[in-house]
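Read the structure below first, then the notes.
The values are calculated or read from the model by the stated rules, or taken from the named source; none is laboratory data. Since we're looking at a predicted model, the values are computed, not measured. When we count neighbours, we look across all protein chains shown, and the Cβ atoms used for this are built from the backbone with ideal geometry, even at glycine.
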Amino acid sequence: MEKQEKITILYIDDEVNNLSSFKATFRFDYTILLAQNTEEALDHLNNYNVQIILSDQRMPEITGVEFFEQIRYSHPMTVRLLITGFSDIESVIESINRGHIFRYIKKPWVELDVKSAIEEAYKFYLATALLEEKNTSLQRAYNELSKFAYSVAHDLKGPLVSVRSALRIISDKDDPDERAELINMITASLRNLEGFVDSMYDYYKLNQGELEIEDINLEILAKHYQDIYGLTSKMSNVAFSITTNQTEIFRSDPSKLKIILNNLIENAFKYQQNNIENKFVKVNLAVTSEYAVITVADNGIGIEEQYQHSIFDMFYRATTHALGSGFGLYNTKDAITKLDGTLSVESKPYKGSLFTVKIPTK
């Protein structure tokens, strides 16, 4: 079992003997920081991750309660304990009721009482930290849900309006060429709609259940994509190649691996330049003893440097004219993260892009 890090405690007291006694008593159990005044205390708070702070109530320039009021908002996670004599009890109770301190310790303190207070305070610190983490995750999920609702409404409406408009017009057209053009428009809109639904399904699958690990044969995987994109390659006049190099066993989750490849290859075809010759999409799948390395290269339109850090954000589009659902690459990054992998991109406008994925074997 991994050894737990020591709790970091800051103790403030204007009397040096009290500081020395406290450190001598607790230095083997906790990481102890000492401060003789509030200036030193603030320096420690700003430079160390202090979980618990103890302060003497009576100090020359400021009371412990007043100092805790000052740091309550600047260092909200630090749990505050006050050391005080019985004569200060009324102000202490008032402070506890106002939420400024977690607990007080009577002076002169007893080692067992201080340890008990510290352990209780640390449990409270951990519970508060966990709650903060959950709240942050909840807020992130809420923000993603809001974006998701907007994107669904926006991206479903566009193709549906196009199909409805084309169907309304096609019944009035007798010219075969005009009807064929409208049918092509309907087909393209339905294809966009299908792609969006596929991305939503990928998003759903990525957030369900545990990893399903099995042996992966890269040659079979390569043939699968050669079959899928062979026709696309001919129709779009884009040379497509996929090569493999596997001499080691590679274990991973095949469904998440396919999400990664589907999106990277699809994007490589989607964002080609229109007016150039020798267009290509090149995929390489290789396995070492510890990793699978996937590269997807193209000579398409590329990605401007200012957008490269944002392309994996949910629903991100570099331009208002960009195709797709806007979260295919988000799904890609999510799948790679769930497989404990890494992803890098090199790209230059009108030169092309190279995506490199590194996934450890399970």
Quiz item: In segment 234-253, what residues are in a helix (DSSP H, G or I) and touching a helix residue (DSSP H, G or I) at 6+ places or on another chain (Cβ under 8 Å)?
Solution: 236
Quiz item: Among the residues of segment 263-272, is any buried (at least 17 other Cβ atoms within 10 Å of the Cβ), acidic (Asp, Glu), at pLDDT 90 or above and within 20 Å of residue 225 (Cα to Cα)?
Solution: no
Self-check item: Residue satisfying condition, being among the acidic types (Asp, Glu), at pLDDT 75 or above, closer than 27 Å to residue 287 by Cα and part of a helix (DSSP H, G or I), within set 227, 177
Solution: 227
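Per-residue answers, yes or no, for (1) touching a residue at least 60 places away in the same chain (Cβ under 8 Å); (2) out of contact with any helix residue (DSSP H, G or I) (no Cβ under 6 Å at 6 or more places or on another chain):
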site: 17; (1), (2): no, yes
site: 20; (1), (2): no, yes
site: 23; (1), (2): no, yes
site: 32; (1), (2): no, no
site: 37; (1), (2): no, yes
site: 42; (1), (2): no, yes
site: 45; (1), (2): no, yes
site: 51; (1), (2): yes, no
site: 59; (1), (2): no, yes
Quiz item: Taking the stated definitions as given, is residue 358 of a type in the set (Lys, Arg), modelled with pLDDT of 95 or more and farther than 20 Å from residue 236 by Cβ?
Solution: yes
Exercise. Kindly indicate whether any position in segment 51-58 is at pLDDT 85 or above, assigned to a strand (DSSP E or B) and of a type in the set (D, E, K, R).
Key: yes
Self-check item: So residue 340, is it more than 26 Å from residue 280 (Cβ to Cβ), at pLDDT 85 or above and out of contact with any His (no Cβ under 9 Å at 6 or more places or on another chain)
Solution: yes
Exercise. Being touching a helix residue (DSSP H, G or I) at 6+ places or on another chain (Cβ under 8 Å) and closer than 15 Å to residue 293 by Cα is the filter here, so list the residues in segment 342-361 that pass it.
Key: 342, 343, 355, 357, 359
Quiz item: Taking the condition more than 25 Å from residue 212 (Cβ to Cβ), among the hydrophobic types (A, V, I, L, M, F, W, C) and modelled with pLDDT of 95 or more, does residue 280 pass?
Solution: yes
Practice problem: Can you tell me which residue within segment 303-321, out of those that are part of a loop (DSSP other than H, G, I, E, B) and either under 14 Å from residue 344 (Cα atoms) or outside the structural domain of residue 277 (by TED's automatic domain parsing) (or both), is modelled with the highest pLDDT? | Solution: 303
Quiz item: For residue 87, which of the numbered conditions (1) of a type in the set (S, T, N, Q); (2) modelled with pLDDT under 80; (3) not assigned by TED's automatic domain parsing to the domain that holds residue 57 fails to hold?
Solution: (3)
